[in-house]
Amino acid sequence: MVSAAHAAHDVEVTAESLQEECARLQIQKQALERELAAVVAHLSSVQRALGALETLMRAPATASQSHAPTPVARKAGLSTAEAVDTATVSVPPARRPRGNDGEPPAEFDAGADGTKKYGKLTEQIMEYFASVGDADVRARDVAAALGRDSDSGSINAVRSTLDRLVGGSRIQRAGRGLYRARRS
């Protein structure tokens, strides 16, 4: 016969083992939920891109194009006839970003020759860094100095531009969330 003390010890060991297994499974569940969320987000972006490509496939065909389906049409499962049929649907013109006043933001202004001038924000940021010298600054401070701290979208535009400038070695990252002018 098994003693009561030995049975109680076995139950205690089993309970501890199950608690450890439960904690491990909770961690695994959280990791899988995060992975699923990432997959769902990626699937959504791929579906949006595919939708945009399908819209492009439906653009009016020019006389110089052949009537063979494009590689995108083939991947979408369209036959030659379907690809030709969808080529007659018109596509709405691309929309330019608009500011709060309904006008295009300053970085989208057209120059005197009618061409678009991009990069005004980049120029402003580089001028700002030239004026602050060797100081470490936060993206929010740069946005405030440029008058672009009115909403999170404007601040994020500054952050994105700062990250592109870091990638292009025009400024350097001084720490987490800190930027500084590139030393010559």
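The values are calculated or read from the model by the stated rules, or taken from the named source; none is laboratory data. Model, not experiment: these values are computed from the prediction. Neighbour counts are summed over all protein chains in view; Cβ atoms, including those assigned to glycine, are modelled from backbone coordinates with ideal geometry. Keep in mind that these areas ignore ligands, DNA and RNA; they rest on the heavy atoms of the full protein, side chains included. Shrake-Rupley method; radii C 1.70, N 1.55, O 1.52, S 1.80 Å.
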**Prompt:** Tell me, what HN-Hα J-couplings in whole Hz come from the Karplus equation 6.51 cos²θ - 1.76 cosθ + 1.60 at θ = phi - 60° for each residue of the stretch 128-143, using x for Gly and Pro?
**Reply:** 4, 5, 5, 7, 8, x, 8, 6, 8, 10, 8, 4, 4, 5, 5, 4
**Fill in**
FRET efficiency for Ala5 and Val166 from the Cβ-Cβ distance with R0 = 41 Å, rounded to 0.05, comes out at 0.05
**Asked** Check Arg182: other-chain or 5+ apart residues with amide H under 5 Å from its amide H, H built from backbone geometry?
**Response** Gln172
**Prompt:** In the stretch 136-184, carbon and sulfur make up what percent of the accessible area (probe 1.4 Å)?
**Reply:** 39
**Request:** Leaving ligands, DNA and RNA out of it, rank Ile171, Ile27 by accessible area with a 1.4 Å probe, largest first.
**Result:** Ile27, Ile171
**Request:** Summarise the accessible area of the stretch 7-55 (1.4 Å probe, protein heavy atoms) by the percent that is carbon and sulfur.
**Result:** 64
